[in-house]
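Worksheet: the structure to be examined is printed underneath.
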Amino acid sequence: LREVCFLLAADGTVLWRELGESPTALPDSRPRWEALWALRFEVAAVVHSHPLGPHAFSDEDVSTMEALDVALGRSLTYAVLSPQGLVWRGLPLPALNWVDELAQASQMHLRSPPQKPDT
Ligand SMILES: [Zn+2]
């Protein structure tokens, strides 16, 4: 198992992938910041996996998301994929075509197919 991070376009296209080495952490990385900056006009969402849970953003996730929004000058959508499904922050993406790939890259097993939120 490992945490994986994707940068997504608004239509769900995976623009960039980062494979972590641990199931419980994906430390800040310079390549991720550089990719985000290079893709800053295309990126719509930053999603990552918690293959062992929790089904929530971590404190570190929250501070990273806030730093990204400040750096880019706009609010992105964020999501965590855990075995229980997706947790969103911001406007959910309409397309979930990237979810299976994220689960596979993380070597995690989804308990049920993720549902689109009702919001
Ligand atoms: Zn996280």
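Going through the range 18-89, which trypsin sites (Lys or Arg not before Pro) have at most 12 other Cβ atoms within 10 Å and a DSSP loop state? Could you put the intermediate results ahead of the total?
Values: sites: ARG32, ARG40, ARG74, ARG89; in loops: ARG40, ARG74.
Qualifying residues, ordered by number: ARG74.
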Subject >> Karplus (6.51, -1.76, 1.60) ³J(HN,Hα), θ = phi - 60°, over the range 5-11, in Hz, Gly and Pro reported as x >> reply: 10, 10, 9, 10, 7, 4, 8
Subject >> Derived scalar couplings ³J(HN,Hα) [the range 58-68; Karplus, 6.51 cos²θ - 1.76 cosθ + 1.60; whole Hz; x for Gly, Pro] >> reply: 7, 4, 5, 4, 4, 5, 5, 4, 5, 5, 5
Original post:
Relative contact order (percent) for the chain, with alpha-carbon contacts under 8 angstrom and 6 or more residues of separation?
Top reply: 29
Original post:
Based on DSSP H runs of at least 4 residues, each adding -39500 (n - 2.57), what is the mean residue ellipticity at 222 nm of the chain after dividing by all its residues, to the nearest 500 deg cm²/dmol?
Top reply: -7500 deg cm²/dmol
Subject >> Value of Rg to Rh for the chain (Rh from inverse mean 1/r over Cα pairs, i.e. Kirkwood) >> reply: 0.92
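Out of the range 8-101, which GluC sites (Glu not before Pro) are coil in DSSP terms and have no more than 14 other C-beta atoms within 10 Å? Walk me through the numbers before you get to the answer.
Working: sites: GLU18, GLU21, GLU34, GLU42, GLU60, GLU66, GLU101; in loops: GLU21, GLU42.
Sites meeting the loop and neighbour criteria: GLU21, GLU42.
Taken together, the values in this text are just the output of simple stated rules run on the coordinates, not laboratory data. Please read these numbers as outputs of a predicted model, since none were measured by experiment. Methodologically, a virtual Cβ is constructed for each residue, glycine included, from the backbone with ideal geometry; neighbour enumeration extends over all protein chains shown.
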